[in-house]
Structure formats: structure tokens, C-alpha cells
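Following: one structure in C-alpha cells, then a few remarks.
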Amino acid sequence: NAGVTQTPKFRVLKTGQSMTLLCAQDMNHEYMYWYRQDPGMGLRLIHYSVGEGTTAKGEVPDGYNVSRLKKQNFLLGLESAAPSQTSVYFCASSFFDRASQPQHFGDGTRLSIL
Amino acid sequence: SQKIEQNSEALNIQEGKTATLTCNYTNYSPAYLQWYRQDPGRGPVFLLLIRENEKEKRKERLKVTFDTTLKQSLFHITASQPADSATYLCALGNTDKLIFGTGTRLQVFP
């Protein structure tokens with residue numbers, strides 16, 4: 001089973017460039033999430049989705065956009081990258097709700113903004 | 001605001017001993033508490049979930065306790081092995097929110 005797959009695994013961008021991070025899950029989960037992980041800080045929720053066609057803001061949504069056109073895919077976009085967005089980005093999914101079910105994570109995208 | 005505290009210093013123990021990791025929280029009344037393992041360069045992997053009305057939960061060599069009065073969870077690994085070396089994250093929340101701690105790094109020496 002593939003579980004949660006993230007692409008790309010690494011990327012270096014220049015300030016002002018845009019890019020899209022891709023996340024795919026094959027577990028038929030309703031909920032999907034995008035987190036960022038920075039040294040000394042816990043995983044912080046950027047945006048999440050409770051089902052196909054829905055999105056909602058998390059704790060740190062500014063500078064990011066998301067889309068969930070298909071149930072199995074959740075895309076995270078950076079319209080104009082800034083050095084403060086240098087981080088490791090994790091996608092996760094769960095059957096339903098955010099805390100009563102395990103979240104399944106991908107292995108992350110390591111993004112550097114120069 | 002809600003706050004989760006995990007020991008930021010690494011926990012170093014000898015193989016075969018029991019490792020105990022602590023997760024404390026304030027300003028929150030979570031219904032669920034989860035523990036994850038994270039290896040370097042990998043995403044977190046779910047280990048155990050415990051509900052507020054459960055005092056203790058076990059899975060093989062793992063045991064989690066949840067004390068809503070003390071606002072604390074303890075995570076135990078018995079008969080620890082070098083392969084248990086990793087960072088362990090606690091996360092707590094309700095159906096509409098899950099908050100992660102910063103994690104504690106466990107190092108098990110042979």
C-alpha cells in the first residue's frame with residue numbers, strides 16, 4: 001500500500017516564485033491536511049479538507065492556497081514564495097475528524113526559499 | 001491559548017530499560033490524545049490513541065496513560081531497543097482540532 005505520497009521530495013525556489021506541492025492518498029480518507037514542521041515547533045496546520053471540493057484554514061494559512069478537486073488528491077500552492085516559508089511540509093489524511101482517528105502522514109517535501 | 005509541553009532535551013537510556021516520555025498540556029480539555037513516532041527525514045507514524053475516559057492503553061511494548069486531572073500523558077516503552085530510537089510526538093485534541101507537541105528525542109544505547 002502506498003498510503004500518502006508527496007511530490008516533490010525536495011525543492012529549492014527563489015523568492016517570488018510559485019509552486020504546487022502534490023499529495024495523493026489511496027486509503028479513501030475523507031479528511032486531508034497540510035502541515036509545516038519547523039525546528040523547535042510542533043507540526044502546524046496550514047489548511048485542511050473535510051471532503052472532495054472543500055477546504056478550510058488551519059493555524060497558519062497566510063501565503064498558501066489549497067484545492068481538493070478529487071477525493072484522493074490535496075494540492076498546496078505557494079503563489080509568491082518567501083524565505084519564511086522555508087520548511088518541511090507534510091501531508092496527512094484520516095477517515096474522519098481530526099482527533100478521534102489516526103492521521104497518516106507522507107514523508108514530506110523539504111522546501112528551501114532563497 | 002492551548003499549550004503542549006514535551007521535554008525538548010533528548011532522553012538517553014540503556015537497551016532493556018523502560019523509557020518514559022512525558023506530555024503535559026494547559027488551557028485545554030482534549031477528548032483524545034495520540035502518540036506518533038518520527039524518524040529523521042520521515043513523516044510521523046501513528047502509534048496509539050487514548051480517549052479521555054480511558055486511563056491506560058497498551059500495545060505490545062508500548063503503554064500510554066492519560067490523566068485529565070494532572071493534564072498529563074505518559075508514554076512508556078518497555079524492554080527498549082536501539083531500534084526504538086526516534087522522536088516521539090504527542091498530539092491532543094477534539095473532533096475539530098488536533099495540536100501537536102514539539103516531540104522528545106529518544107536514544108537507546110546498546
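The values are calculated or read from the model by the stated rules, or taken from the named source; none is laboratory data. Quick caveat, the model's predicted, so the values are computed rather than measured. Here the Cβ is made from the backbone with ideal geometry for all residues, glycine too, and neighbour counts use every protein chain on show. Ligands, DNA and RNA are excluded from the accessible area calculation, which covers all protein heavy atoms including side chains. Shrake-Rupley method; radii C 1.70, N 1.55, O 1.52, S 1.80 Å.
Quick notes on this one:
- Residue match in segment B:29-37 (condition: in contact with an Asp or Glu (Cβ under 6 Å, 6 or more places away or on another chain) and of a type in the set (A, V, I, L, M)): yes
- The residues of segment A:39-49 that are open to solvent by 20 Å² or more (accessible area, probe 1.4 Å) and over 14 Å from A:L75 (Cα atoms), listed by number, are A:P39, A:G40, A:M41, A:R44.
- Total residues in segment A:68-100 satisfying the condition of being touching a residue at least 60 places away in the same chain (Cβ under 8 Å), touching a strand residue (DSSP E or B) at 6+ places or on another chain (Cβ under 9 Å) and not hydrophobic (A, V, I, L, M, F, W, C): the figure is 7.
- Subset of segment A:61-78 [assigned to a loop (DSSP other than H, G, I, E, B) and either surrounded by 14 or more Cβ atoms within 10 Å (Cβ to Cβ) or among the aromatic types (F, W, Y) (or both)]: A:P61, A:G63, A:R68, A:K71, A:Q72
- Answer from B:L74, B:L106, B:L47 - the residue that is at pLDDT 95 or above, within 14 Å of chain A (Cβ to nearest Cβ) and assigned to a strand (DSSP E or B): B:L47
- Taking segment A:79-100 as the range and being part of a loop (DSSP other than H, G, I, E, B), of a type outside the set (S, T, Y) and either surrounded by 21 or more Cβ atoms within 10 Å (Cβ to Cβ) or more than 14 Å from chain B (Cβ to nearest Cβ) (or both) as the test, the residues that pass are A:E79, A:A81, A:A82, A:R98, A:A99.
- Qualifying residue in segment B:25-44 (condition: assigned to a strand (DSSP E or B) and more than 30 Å from A:C23 (Cα to Cα)): yes
- Segment B:84-103, subset part of a strand (DSSP E or B) and more than 12 Å from chain A (Cβ to nearest Cβ), residue nearest to B:Q2 (Cα to Cα): B:Y88
- The test for being more than 15 Å from the chain's Cα centre (by Cα), more than 18 Å from A:A82 (Cα to Cα), touching a residue at least 40 places away in the same chain (Cβ under 8 Å) and open to solvent by less than 60 Å² (accessible area, probe 1.4 Å) does not hold for A:M32.
- Those residues of segment B:12-35 which are away from chain A (no Cβ under 14 Å) and surrounded by fewer than 16 Cβ atoms within 10 Å (Cβ to Cβ), in sequence order: B:N12, B:Q14, B:E15, B:G16, B:K17, B:T18, B:T20, B:T22, B:T26, B:N27
- The single residue among B:Q2, B:Q81 that is within 14 Å of chain A (Cβ to nearest Cβ) and open to solvent by 50 Å² or more (accessible area, probe 1.4 Å) turns out to be B:Q2.
- Filtered by the rule that a residue be surrounded by fewer than 19 Cβ atoms within 10 Å (Cβ to Cβ) and either in a strand (DSSP E or B) or among the charged types (D, E, K, R) (or both), segment A:19-29 gives A:M19, A:T20, A:L22, A:D26.
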